[in-house]
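Visitor: Have a look at this one.
What follows is calculated from the coordinates using simple rules that are stated; it is not laboratory data. A quick note: this is a predicted structure, and the numbers were derived from the prediction, not measured. Virtual Cβ from ideal backbone geometry, glycine too; neighbours counted across all protein chains shown.
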Ligand code: HEC
């Protein structure tokens with residue numbers, strides 16, 4: 001009897017955690033990648049002069065995905081890409097200061113952390129016109145708190161433009177370039 005009760009209890013626990021997984025909405029499947037700045041590879045930097053205020057974006061990819069990725073191929077399951085926005089350093093005239101290469105100089109001020117993650121089977125519940133393959137998107141504050149009440153629809157819509165690069169603007173071109181050398 002005692003064993004049966006223990007079994008019932010563990011089944012109940014399993015059912016509860018399964019329900020928790022099923023109930024996760026799109027962006028909540030994506031966990032904040034703790035310590036990405038220390039453990040991921042920072043693979044490119046993009047200056048955005050048209051933004052007000054101007055920003056600099058640091059892009060990071062997890063090392064397992066980078067190791068497994070192949071040129072001109074969809075990124076592997078388990079890929080996590082982080083886009084970390086920084087404010088640019090401004091001169092007295094309000095224009096961004098440029099380094100010797102003409103690039104912006106980031107301040108330590110991180111404004112947003114955007115994440116794109118791909119896992120096997122993700123996105124199956126979306127209609128074909130919304131779906132971005134097996135990718136989900138999430139938006140965090142620098143401390144890892146999720147941005148409240150934000151729809152990720154615009155992420156899906158805009159990244160559709162680069163469906164032929166596995167829905168990534170910078171990651172596919174980067175992987176293809178370094179793995180083809
Ligand atoms: C209007 C178009 C647009 C929207 C909306 C958009 N993105 Fe992007 N995203 C881009 C572009 C373009 C880049 C390349 C960097 C750049 O030029 O800013 C990018 C880059 C990224 C990257 C780095 C990997 C890559 O694809 O190059 C991540 C991560 C990302 N976006 C996440 C998001 C998330 C999360 C959202 C929604 C909250 C979102 N994006 C909404 C256009 C968009």
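Visitor: If you count, for each residue, the other Cβ atoms within 10 Å and average over each peptide, how do 153-160, 116-123 line up from highest to lowest?
Guide: 116-123, 153-160
Visitor: Okay, moving on. Taking the square root of 5 times each eigenvalue of the Cα gyration tensor, what semi-axes in Å does the equivalent ellipsoid of the chain have, largest first?
Guide: Values: eigenvalues 262, 81, 53 Å².
The equivalent ellipsoid of the chain has semi-axes of 36, 20, 16 Å.
Visitor: Residue separation times 0.36 nm, minus the C-alpha to C-alpha distance between residue 35 and residue 110: what's the value? Don't skip to the end; give the middle numbers.
Guide: On the way: separation 75, 0.36 × 75 = 27.00 nm, distance 1.42 nm.
Extra length available between residue 35 and residue 110 comes to 25.6 nm.
Visitor: Multiply the residue separation of residue 154 and residue 90 by 0.36 nm, subtract the distance between their alpha-carbon atoms, and state the gained length in nm to one decimal.
Guide: Full extension of this stretch gives 20.1 nm more.
Visitor: Then there's this: For every helix of n ≥ 4 consecutive DSSP H residues, a contribution of -39,500 (n - 2.57) applies; sum these over the chain, divide by its total residues, and give [θ] at 222 nm rounded to the nearest 500 deg cm²/dmol.
Guide: -7500 deg cm²/dmol
Visitor: Of the listed peptides 90-103, 63-76, what is their order by residue-averaged count of other C-beta atoms within 10 Å, with the highest listed first? Before the final figure, lay out the partial values.
Guide: Details: 90-103: 10.2, 63-76: 15.6.
Descending mean neighbour count gives 63-76, 90-103.
Visitor: Taking the mean number of other Cβ atoms within 10 Å as a proxy for protection, how do you rank 41-47, 139-145, 79-85, 168-174 from highest to lowest?
Guide: 79-85, 168-174, 41-47, 139-145
Visitor: May I ask you to compute the full-extension gain from residue 180 to residue 101, defined as 0.36 nm times their residue separation minus their alpha-carbon distance, rounded to one decimal in nm?
Guide: Numbers: separation 79, 0.36 × 79 = 28.44 nm, distance 2.56 nm.
Taking 0.36 nm per residue and subtracting the Cα distance, the gain is 25.9 nm.
Visitor: Sticking with this structure for a sec: Residue 24 versus residue 161, label points 7 Å from Cα toward the beta carbon: distance in nm?
Guide: The answer from the label model is 2.9 nm.
Visitor: Relative contact order (percent) for the range 24-180, with alpha-carbon contacts under 8 angstrom and 6 or more residues of separation?
Guide: Here the relative contact order equals 22 percent.
Visitor: Rank these for me by crowding, 87, 125, 136, going from fewest to most other beta carbons within 10 Å.
Guide: Exposure proxy ranking, most exposed first: 125, 87, 136.
Visitor: Quick check: the distance between the Cα centres of the range 44-113 and the range 147-181, to the nearest angstrom?
Guide: Computed from Cα coordinates, the inter-centre distance equals 14 Å.
Visitor: For 86, 77, which order do you get if you count the other beta carbons within 10 Å of each Cβ and list the fewest first? Write out the running numbers ahead of the final one.
Guide: On the way: 86 20, 77 14.
Ranked by crowding around the Cβ, least crowded first: 77, 86.
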